[in-house]
Amino acid sequence: MPGFERYVRTETIFSTIGTLVVTAFLYSLMFGFAGPVPVRGVGAYAFDFVPQAFMTALICIWVPGAMTRKRLARGAIAALPAMKLPASPLVLRGFTYGVLALLIGSGSVITALLLGEYHEIDWLVGLTGKLAFGGMVAAIATPMGLRALFRQASNRR
């Protein structure tokens, strides 16, 4: 379905851009706008990947998923007939993807940072790392979540 793939691609782009903006904003709130960023400890750079991974995946499932559910209910997506989908699979999927991103994504980044024995990193290097990580989680979670939602909708036809 070419329309379906274009829809997923468009939503993924918007989701990823939104993630990058929010990531930059929250990074600046947490670590300021210059200077070295502490890596170790609660609230430090490595620790901050935990909430970032979970929340990015959760939001990248919920927001595009909820908008898609509404569009499906209105019949606004040409690839599928109008239908209502229950919210419960979307909620569960968001939490599941959030936990997976937390365990796999942030777990591997934190391990690399701690094994590398970093104590501080440059502010811009840290921002670049957070943007790359957040963008990657959004670019992976959003299409996976939307495809699962479309499978669920296709099974209800």
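Summary of computed values
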{"read-out": "Residues that are at positive phi and without any contact (Cβ under 8 Å) to a residue 24 or more places away in the chain, drawn from segment 1-41", "value": "G41"}
{"read-out": "Segment 58-100: number of residues that are modelled with pLDDT under 95, open to solvent by less than 20 Å² (accessible area, probe 1.4 Å), among the hydrophobic types (A, V, I, L, M, F, W, C) and in a helix (DSSP H, G or I)", "value": "2"}
{"read-out": "Subset of segment 1-59 [aromatic (F, W, Y) and within 18 Å of L131 (Cβ to Cβ)]", "value": "F14, F25, Y27, F31, F33, Y45, F47, F49, F54"}
{"read-out": "Qualifying residue in segment 36-50 (condition: touching a Phe, Trp or Tyr at 6+ places or on another chain (Cβ under 6 Å), part of a helix (DSSP H, G or I) and modelled with pLDDT of 95 or more)", "value": "no"}
{"read-out": "Selection count where residues are farther than 19 Å from L58 by Cβ and either touching a Cys at 6+ places or on another chain (Cβ under 8 Å) or in contact (Cβ under 8 Å) with a residue 12 or more places away in the chain (or both), scope segment 102-128", "value": "10"}
{"read-out": "Condition check for G129: more than 30 Å from A153 (Cβ to Cβ), modelled with pLDDT under 95 and assigned to a helix (DSSP H, G or I)", "value": "no"}
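A quick yes/no check of all residues on (1) touching a Leu at 6+ places or on another chain (Cβ under 9 Å); (2) open to solvent by 40 Å² or more (accessible area, probe 1.4 Å); (3) under 18 Å from T12 (Cβ atoms):
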{"position": "Y27", "(1), (2), (3)": "yes, no, no"}
{"position": "M30", "(1), (2), (3)": "no, yes, no"}
{"position": "P36", "(1), (2), (3)": "no, yes, no"}
{"position": "G41", "(1), (2), (3)": "no, yes, no"}
{"position": "D48", "(1), (2), (3)": "yes, no, no"}
{"position": "F54", "(1), (2), (3)": "yes, yes, no"}
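Residue by residue, here is whether (1) of a type in the set (G, A, S); (2) in contact with a strand residue (DSSP E or B) (Cβ under 9 Å, 6 or more places away or on another chain) holds:
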position	(1), (2)
A101	yes, no
I110	no, no
L115	no, no
D122	no, yes
A138	yes, no
T142	no, no
R147	no, no
Q152	no, no
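The values are calculated or read from the model by the stated rules, or taken from the named source; none is laboratory data. Everything numeric in this text was worked out from a predicted model, so none of it was measured. Note: ideal-geometry Cβ built from the backbone for every residue, glycine included; neighbour counts use all protein chains shown. SASA here: full protein model, heavy atoms, side chains in, ligands and nucleic acids out. Shrake-Rupley method; radii C 1.70, N 1.55, O 1.52, S 1.80 Å.
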